[in-house]
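The values are calculated or read from the model by the stated rules, or taken from the named source; none is laboratory data. This is a predicted model, so every value here is computed, not measured. For neighbour counting, all protein chains shown are included, and Cβ atoms are generated from backbone atoms with ideal geometry for every residue, glycine included. The area values use the complete protein model at the heavy-atom level, side chains included, leaving out ligands, DNA and RNA. Shrake-Rupley method; radii C 1.70, N 1.55, O 1.52, S 1.80 Å.
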Amino acid sequence: MTNEVRIVEVSPRDGLQNEKTLLPPDIKIALIDRLSATGLRTIETTSFVSARWVPQLADAAEVFRSIRKVPGVTYPVLVPNEQGYRIARQAGANEVSVFTAASEAFNRANINASIAESLERFQPVLEEAKAEGVKVRGYVSTALGCPYQGEVPIADVVSVARRLYDMGCYEVSVADTIGVGTPAKARAVLHAVSQEIPMHALAVHFHDTYGQALANILACLEEGVRVVDSAVSGTGGCPYAKGASGNVASEDVVYMLHGMGMQTGINLDMLVATGAWLSGQLNKPTASRVTKARTTTA
Ligand code: HMG
Ligand code: MG
């Protein structure tokens, strides 16, 4: 099994979509450009969703057009439907992410659609993307618990993940939207999904509400996953998932991985500097323990 882990940095999208402080486009562009210099290979940059639903990312096209596109780095963007896909393409995006959930009530709150309706909306997106050579990533939210329904049956996670993969998503990210999962459960869900989708096409996405994210990631690494979503400074959360807090901090994930002898290609010092800079821009303390340790003891 490979020692290399790919981090999917989601701070410019998941990180900023739930922040009270609205950052101007030039700060978002500076964030993405700084992240591009750290050695990250995948940076989810923004969302082409309704500005009424997520005002924080209303400047998606401007931001996407203005970032420096570093060769070797991919810059996926979130799209909920064909309309978002088309606007993203006009802005120059050549990788997109579609998102649905394993629980109906959350999906309704988040994108005003049932799971089946959301998958129907993705069909034309995936068809156009295939014709245009655009890669599509898929998210399954509420894989470890739902803010409305509570427990989510593993079979429901598996079936939604399978549909996304069968529709043509090259990678499916299994997401603990509200950060309630614990390691044995995270591992069991990943294991079940990996019976239907090859492990190399799976990613994990943990929010850290209950402080379980690093433990969950470790369990999933042991199960074989090698793609991990995270956000510098532990920013983020879904505005339509009540009680959800930030993503696991990228700095903490990278510190753990390097400590385990795994490779990410990321310069941790630059990542810490970027996380500290972002927490300054947001005017709130970093949620990264590594950044806290390195910036307060220096
Ligand atoms: P709706 O109101 O049901 O949609 O929203 P509609 O089709 O009736 O359209 C309403 C208006 O939105 C129309 O404009 C459309 O043109 C416009 P109006 O005529 O009123 O002026 N519209 C759009 N505008 C820009 N871009 C678009 C778009 N589509 C329609 N793509 C909709 C449905 C999906 C649009 C809405 O619910 C939405 O935008 N939701 C996004 C919610 C969101 O971004 N949530 C956070 C991301 S998911 C997440 O964080 C989870 C994840 O991190 C994994 C995890 O942790 O679980 C990925
Ligand atoms: Mg998320």
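Per-residue answers, yes or no, for (1) within 16 Å of ligand 1 (Cβ to nearest atom); (2) under 15 Å from PRO12 (Cβ atoms); (3) open to solvent by 10 Å² or more (accessible area, probe 1.4 Å):
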{"residue": "ASP208", "(1), (2), (3)": "yes, no, yes"}
{"residue": "GLN212", "(1), (2), (3)": "yes, no, yes"}
{"residue": "THR235", "(1), (2), (3)": "yes, yes, no"}
{"residue": "ASP252", "(1), (2), (3)": "no, no, yes"}
{"residue": "LEU257", "(1), (2), (3)": "no, no, no"}
{"residue": "THR274", "(1), (2), (3)": "no, yes, no"}
{"residue": "SER279", "(1), (2), (3)": "no, yes, yes"}
{"residue": "LEU282", "(1), (2), (3)": "no, yes, no"}
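Does SER11 fit the bill of being crowded, with 17+ Cβ neighbours inside 10 Å, within 16 Å of ligand 2 (Cβ to nearest atom) and at pLDDT 95 or above?
yes
Kindly provide the set of residues from the range 14-23 that are in contact (Cβ under 8 Å) with a residue 24 or more places away in the chain and either within 15 Å of ligand 2 (Cβ to nearest atom) or not hydroxyl-bearing (Ser, Thr, Tyr) (or both), ordered by number.
Step one: list which residues in the range 14-23 are in contact (Cβ under 8 Å) with a residue 24 or more places away in the chain, which gives 14-19, 21-23.
Listed by number, the residues that qualify are ASP14, GLY15, LEU16, GLN17, ASN18, GLU19, LEU22, LEU23.
Would you mind listing the strands (runs of 3 or more DSSP E) fully within the range 139-255 where at least 2 residues are within 23 Å of SER47 (Cβ to Cβ), among the small types (Gly, Ala, Ser) and in contact (Cβ under 8 Å) with a residue 24 or more places away in the chain? Full working, then the answer.
Working: elements: 171-176, 202-206, 227-230.
In the range 139-255, the matching strands (runs of 3 or more DSSP E) lie at 171-176.
Out of the range 1-44, which residues are within 16 Å of ligand 1 (Cβ to nearest atom), under 15 Å from VAL77 (Cα atoms) and among the basic types (Lys, Arg)?
Of the range 1-44, the ones within 16 Å of ligand 1 (Cβ to nearest atom) are 7-20, 22, 28, 42-44.
Of the ones still in play, those that are also under 15 Å from VAL77 (Cα atoms) are 8-17, 28, 42-44.
ARG13, LYS28, listed by residue number.
Could you tell me which of the residues VAL228, VAL232, VAL204, VAL174 is at pLDDT 95 or above, touching a Gly at 6+ places or on another chain (Cβ under 8 Å) and under 30 Å from ILE32 (Cβ atoms)?
Working: VAL228 fails: touching a Gly at 6+ places or on another chain (Cβ under 8 Å); VAL204 fails: touching a Gly at 6+ places or on another chain (Cβ under 8 Å); VAL174 fails: touching a Gly at 6+ places or on another chain (Cβ under 8 Å).
Answer to the selection: VAL232.
To keep it simple, each residue is scored yes or no on (1) touching a Leu at 6+ places or on another chain (Cβ under 6 Å); (2) in contact (Cβ under 8 Å) with a residue 40 or more places away in the chain.
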residue: PRO25; (1), (2): no, yes
residue: LEU40; (1), (2): no, yes
residue: SER47; (1), (2): yes, no
residue: VAL54; (1), (2): no, yes
residue: LEU57; (1), (2): no, yes
residue: VAL70; (1), (2): no, no
residue: ILE87; (1), (2): no, no
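Against the condition open to solvent by less than 40 Å² (accessible area, probe 1.4 Å), under 19 Å from PRO285 (Cβ atoms) and either within 11 Å of ligand 1 (Cβ to nearest atom) or of a type in the set (Lys, Arg) (or both), how does ALA244 come out, does it pass?
Numbers: open to solvent by less than 40 Å² (accessible area, probe 1.4 Å): yes; under 19 Å from PRO285 (Cβ atoms): yes; either within 11 Å of ligand 1 (Cβ to nearest atom) or of a type in the set (Lys, Arg) (or both): yes.
Criteria met by ALA244.
Counting just the residues of the range 168-187 that are over 20 Å from THR209 (Cα atoms) and surrounded by fewer than 18 Cβ atoms within 10 Å (Cβ to Cβ), which one comes out farthest from ligand 1 (Cβ to nearest atom)? Break it down into steps so the answer makes sense when it comes.
Looking only at the range 168-187, we keep the residues that are over 20 Å from THR209 (Cα atoms), and these are 168-172.
Filter once more, so that each one left must be surrounded by fewer than 18 Cβ atoms within 10 Å (Cβ to Cβ): 168, 170.
Details: GLY168: 18, TYR170: 16 Å.
Filtering first and then ranking leaves GLY168.
If a residue must be within 23 Å of GLY138 (Cβ to Cβ) and touching a Phe, Trp or Tyr at 6+ places or on another chain (Cβ under 9 Å), how many such residues does the range 226-252 contain? Working first, answer last.
Step one: list which residues in the range 226-252 are within 23 Å of GLY138 (Cβ to Cβ), which gives 226-231, 235-241, 244, 246-248, 250.
Imposing the further condition that a residue be touching a Phe, Trp or Tyr at 6+ places or on another chain (Cβ under 9 Å) reduces the set to 228-230, 238-241, 247-248.
Of the residues in the range 226-252, 9 are within 23 Å of GLY138 (Cβ to Cβ) and touching a Phe, Trp or Tyr at 6+ places or on another chain (Cβ under 9 Å).
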